[in-house]
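A quick write-up on the structure given underneath.
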Amino acid sequence: MINRVSTASQYQNLTSNLMRKQGELNQTNGQLSSGKRVETAGDDPVSSVTIQNYRQQLTQIDQYNSAITLANNRLQTMETAIAGVEDNLGATKQKVLGMINGAMASDDRTAFKDELISLRDGLLELANSRDEAGNYVFAGNQSDTKPFMEAIDGSMDYHGDSQSRYAQIDKSVNVKTSLPGDQLFTDIPNSYGDFRPVFSDGAGGLTDGSKLHLLSATTTDFSKAEDIQVSFNEVDIAAVDGTTTKEMQYNLTVGGKVVAANQAYDSEQGIVYKDPAVADSATLNLKFDGISSGDNITLKPAQTINIFDSIQSAIDNAERPTSSPAAEANLQRVIDDLDSGFVHMNQQRSEVGTIMQQVDRQLEQHLDFELTLNQAQSGLEDLDYSKAIMDMNQQMMALQASQQAFGQTKQLSLFNYI
């Protein structure tokens, strides 16, 4: 029997060394194939932990970027809808201005009324806008509920809530992605201040040919605001030299109680009233223009207006006789409401634009941070190809040498020494 000179221990060492070098070469080939230096925690335990942290942060950034995409879509839908509302209010104002023209025939006013109805319906459609997911944009958190629906009396009822939806676009950054419909359409600031005028014709109302126009009506304590009636009367004031001058006087009634009578009206200062019997009573400030002797006007407490109600008022007054001073005054009030509504919508649109800018800035920050993380992860995880190829060549040479040594060792026997 021919026996090998190498011992079992030597044979085992050579086999282990051969397998180790083969494993190193296989690992290098695998790295070259994947382009990754660290594929498992065993490749580099310290770097593997850091790489895993980078991956978690990149996953979180992806989630925030998805939220930003959704937020941008909703904000763009909302901005487009508000821009449409601005255009609608501008067109409505032009129609009402045309209706104030007393030279219009009745057929013309009927046509204008039809156009106003069409514009109101268009405004309603904009108020019930939906986003790409079918959610109502202006319903607050009640995104499945149609926010505005017409009641039997023609008024528009709001069925959403007064909340806004938010999207989290960073760890501690949440942005609005919706505005409640009541904030946009039913809580528009009253252009006159704290009271709104109510006009009527005849006794207790406006005189024929009156151009009475409320400029402002405010109080220092709205919680105590009550209905106000103001009447005007022009009187002759005799001077000591026997001449007479005309003076416009007013009577002021607050809460059904006459508080001022036959007081001279100052067109610059207006009416300023404070109850002298109450130390902390509210101060009223009222200013008018276009006053005619015999005019009477009622003021109702109101700090906000519903733009749908204003347009409905224009529709209701569209076919009233052109000789009606109350109809003309009501239409002028609609003009003031539309102006206030336009300014309000512009402010809301500006708020949406500010949010969109914030979202864009946050996206840029995420992209910059994402690039930094990718570069850091790549430095730890990615393979240096030139070094890997050199290592592979060395490993192949070492493996070939080990294979040759192993082959020669296997062939050794006692016959080699005979």
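Peptides 110-116, 297-303, 193-199 ordered by packing proxy, namely the average of other Cβ atoms within 10 Å per residue, highest first: 193-199, 297-303, 110-116. When +1 charges are put on Lys and Arg Cβ atoms and -1 charges on Asp and Glu Cβ atoms, the dipole computed for the range 154-289 relative to its Cα centre reaches about 500 debye. Just to verify a number: FRET efficiency for ALA277 and ALA238, C-beta to C-beta distance, R0 = 45 Å, to 0.05? The formula returns an efficiency of 0.90 here.
Protection proxy ranking of 175-186, 81-92, by the mean of other Cβ atoms within 10 Å over each peptide's residues and highest first, is 175-186, 81-92. A probe of 1.4 angstrom, applied to the heavy atoms of all protein chains, finds HIS159 with accessible area near 80 square angstrom. Backbone N atoms of the range 183-227 closer than 15 Å to the 7 Å Cα→Cβ label point of ASP289 belong to residues 191-193, 211-217.
Working value for the range 209-250: equivalent-ellipsoid semi-axes of 32, 14, 9 Å, each the square root of 5 times a Cα gyration tensor eigenvalue, largest first. Surface listing: TYR166, TYR158 arranged by accessible area from highest to lowest gives TYR166, TYR158, probe 1.4 Å. Each 5 Å bin from zero up to the one holding the largest Cα-Cα distance in the range 181-328 carries the following percent of pairs: 2, 9, 16, 20, 19, 14, 11, 6, 3, 1, 1, 0, 0.
Overall, the anisotropy analysis places the range 112-210 in the prolate class: the square-rooted eigenvalues a ≥ b ≥ c of its C-alpha gyration tensor yield a/c not less than 1.5, with a/b exceeding b/c.
Each Cα pair under 8 Å and six or more residues apart adds its separation to the average, and for the range 145-245 the resulting relative contact order is 14 percent. Between the C-alpha center of the range 224-240 and that of the range 288-325 there is a gap of 20 Å. The distance between label points at GLN269 and LEU371 comes to 6.7 nm (points 7 Å beyond Cα on the Cα→Cβ vector). All other residues whose Cβ lies under 14 angstrom from that of ARG361 are scored, Lys and Arg at +1 and Asp and Glu at -1, for a net of -4. In this label model, GLN52 and VAL198 are separated by 7.4 nm, measuring between points 7 Å along each Cα→Cβ vector.
The values are calculated or read from the model by the stated rules, or taken from the named source; none is laboratory data. Owing to the predicted nature of the structure, the values given are computational and were not obtained by experimental measurement. Virtual Cβ from ideal backbone geometry, glycine too; neighbours counted across all protein chains shown. For accessibility, only protein heavy atoms count, side chains too; no ligands or nucleic acids. Shrake-Rupley method; radii C 1.70, N 1.55, O 1.52, S 1.80 Å.
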